[in-house]
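The values are calculated or read from the model by the stated rules, or taken from the named source; none is laboratory data. Just so it is clear, the model here is predicted, and its values are computed rather than measured. Note that we place each Cβ from the backbone using ideal geometry, even for glycine, and neighbour counts take in every protein chain shown. These area figures cover heavy atoms from the full protein model, side chains too; ligands, DNA and RNA do not enter into them. Shrake-Rupley method; radii C 1.70, N 1.55, O 1.52, S 1.80 Å.
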Amino acid sequence: MRAITSVAWGRIEMADLPEPLPGAGQIRVRQEASGIGAGDVLMAAGRPWIARPAFAAMLRPPILGRDVVGVVDAVGPGVTGFAVGDRVLGEGPHAWAGAVVLDVGSAAHLDPGIPAEAAAALPVSGVTALQALRMANVRTGSRLVVVGASGGVGHLAVQLGVHVGADVTAVCSAAHHARMRELGASAALDYRDVHWTDRGPWDAVLDLAGERPVAACLASLSPDGVYVSSAGTNGGPVLGPLPRLLGVALRGRFDRRATVLSASPRTEDLATVAEHVRTGAVVPWISRVVAPEDVHEALDAHPGGKQVVSFSGARSPHAG
Ligand SMILES: NC(=O)c1ccc[n+]([C@@H]2O[C@H](COP(=O)([O-])OP(=O)(O)OC[C@H]3O[C@@H](n4cnc5c(N)ncnc54)[C@H](OP(=O)(O)O)[C@@H]3O)[C@@H](O)[C@H]2O)c1
């Protein structure tokens, strides 16, 4: 099968590798499309350096990618609920390949009417957005700010927040503000012009950038507000966001309003985000679809929304 492999930090190549076999409790999926997220970019680059031993352990075999969308073509022993021919989405390692093995607990059924490229935005980014809003206790009437709203996770979080009736403010560059309003945000702020921490009080913060001081983030909360912080884009090449995340986690021991974002694939949550796409409550913003051999171009680009690698021949020009 064709696979996108990491041959050195910052160097990826196409390779022909043997197809994996599903073990107990696993299915094998004929891959249609996979998302390209911040985590994939970091793993391909080997950034931050402190994570390289962990990345190296995960890259055996050396295939990148985590989002899976396709049709089951083999089932392992003990699998119930999935059969050959089922269309599924899921999350697991070594996904940028023609065939991918998934644990059934990290997979869900997918409506045949949902295009593969749209579904490819959901396993990592959609489930992360859903679980983050749950951690932040977002509900009807919540004043929610999504920081990094124009990215793969952020644009889905904006729509999920709007769907539950939150009043959503999107923080991203001005070029994406019109789209944020189309997605239902009531306001949009440019992080280059204003500090979102000065515009509280917020009932819920999903911080996907991690650029503002933690004390300022917590000071911007309402009395029952919750601050959920991801790794973000900050930090140096060696430790990356680790010091900040440790800082947030430490604050969280004394102040329950501070939490570090952690998300993991669950069948129920995968099914929920896929259902939101089926009903039209959530519309993935697919900014570009590339062929496997062109994936390096997408790793260096920041068009907004989600970029997707297609294993079934779909392509798009770079559309904003
Ligand atoms: N399981 C997990 O915990 C999990 C899973 C997935 C992702 N994540 C984390 O979530 C974060 C976002 O991931 P992603 O895939 O959505 O990334 P992404 O698609 O690259 O989006 C990042 C967004 O951040 C915005 N941004 C950059 N600098 C900013 C700043 N100073 N203030 C506000 N926004 C800023 C960018 O907006 P503009 O383009 O408009 O400038 C961009 O849209 C990453 O830190 C990633 O590691 C965690």
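Which one of GLY148, GLY105, GLY78 is more than 22 Å from ARG2 (Cα to Cα) and within 13 Å of the ligand (Cβ to nearest atom)? Every option except GLY148 fails the conditions.
Any idea which residue in the range 242-260 is farthest from the chain's Cα centre (by Cα), counting only those that are part of a helix (DSSP H, G or I) and surrounded by fewer than 14 Cβ atoms within 10 Å (Cβ to Cβ)? Here the answer is PHE254.
Within the range 278-319, restricting attention to residues that are touching a Gly at 6+ places or on another chain (Cβ under 8 Å) and over 25 Å from MET43 (Cα atoms), the residue that is farthest from the ligand (Cβ to nearest atom) is ARG278.
Tell me the strands (runs of 3 or more DSSP E) entirely within the range 58-175 that contain at least 1 residues that are on the phi < 0 side of the Ramachandran plot, in contact with a Leu (Cβ under 9 Å, 6 or more places away or on another chain) and touching a residue at least 40 places away in the same chain (Cβ under 8 Å).
Passing ranges, in order: 67-75, 87-91, 99-103, 107-109, 143-147.
If you check GLY165 against the conditions, is it within 11 Å of ASP203 (Cβ to Cβ) and away from the ligand (no atom under 11 Å from the Cβ)? For GLY165, the condition - within 11 Å of ASP203 (Cβ to Cβ) and away from the ligand (no atom under 11 Å from the Cβ) - is not met. When ALA3, ALA56, ALA24, ALA38 are screened for being more than 22 Å from GLY313 (Cα to Cα) and either surrounded by 15 or more Cβ atoms within 10 Å (Cβ to Cβ) or among the hydroxyl-bearing types (Ser, Thr, Tyr) (or both), only ALA38 passes. Whether any residue in the range 225-232 is over 22 Å from PRO48 (Cα atoms) and under 23 Å from the mean Cα position of the chain (by Cα) is what I want to check. Yes, because at least one residue in the range 225-232 is over 22 Å from PRO48 (Cα atoms) and under 23 Å from the mean Cα position of the chain (by Cα). Take ALA187 and decide whether it is closer than 24 Å to VAL162 by Cα, more than 13 Å from the ligand (Cβ to nearest atom) and either open to solvent by less than 70 Å² (accessible area, probe 1.4 Å) or in contact with a helix residue (DSSP H, G or I) (Cβ under 6 Å, 6 or more places away or on another chain) (or both). Here the answer is yes, as ALA187 does meet what is asked. Residues in the range 73-95: is at least one crowded, with 19+ Cβ neighbours inside 10 Å, at pLDDT 95 or above and closer than 17 Å to ARG11 by Cα? Yes - at least one qualifying residue is present in the range 73-95. Residues in the range 190-210 that are in contact (Cβ under 8 Å) with a residue 40 or more places away in the chain, open to solvent by 50 Å² or more (accessible area, probe 1.4 Å) and either within 11 Å of the ligand (Cβ to nearest atom) or closer than 16 Å to ALA231 by Cβ (or both): TYR191 only. Taken over the range 264-320, the residue count meeting the criterion of being polar (S, T, N, Q), part of a helix (DSSP H, G or I) and in contact with a helix residue (DSSP H, G or I) (Cβ under 7 Å, 6 or more places away or on another chain) is 2.
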